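Step one of this worksheet: look at the structure below.
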Amino acid sequence: MLWPTHRFPPARLEARFRILYVGNDLDLIAALRGFLAKPDHKIVSCMDCRSAAFFLKGDPRYEILLFDLELGSTRVLKLIPLARSLSHRKDLPIIVLTASEGGAAKKLTRSGGADEVLSRKDLAGITQAVARLLESAKNELVGRD
């Protein structure tokens, strides 16, 4: 069975910066793809936690992990320690999306290792956070060259 975007590396000019989105909010995916319209940006979407674990353990490089609690907070929150335990993922920024501002999920997520916790409804905040984190990744890439 072939796994799209996971087993085969993208074309050389494509996907210089990749985001792994774990969730099934198609409107959010479309908005992020519209915002990240440059050909060197790619959003890899994963709509279940089992596949997400497989993607995390795989080789493709990601600059940001974006986890949506809509898939079930217990299952999604298990992905954070998994990512932090993998040597090639441990330093990646993790953004967790919640149904609302604040609340127990936000506190639990922050203490669980997420870098940012944002409301799924705050598209402007999500795109700003993604832009800031991608700018940081670009600066690190330039520093390595």
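Read-outs: derived from the displayed coordinates by stated rules, not from any lab. What you see is a predicted model; the values in this text were computed from it and never measured.
Annotation: amide H-H contacts under 5 Å for Phe17 (H modelled 1.01 Å from N, sequence separation of 5 or more, or interchain): His41, Lys42.
Remark on Val117: its backbone amide H falls under 5 Å from those of Val96, a criterion applied only to residues 5 or more positions apart or on other chains, H modelled at 1.01 Å from N.
Per-residue Karplus couplings for the range 21-37, computed as 6.51 cos²θ - 1.76 cosθ + 1.60 with θ equal to phi - 60°, are listed in order as 9, 10, x, 10, 7, 5, 5, 5, 4, 4, 5, 5, 5, x, 5, 9, 7 Hz, Gly and Pro entered as x.
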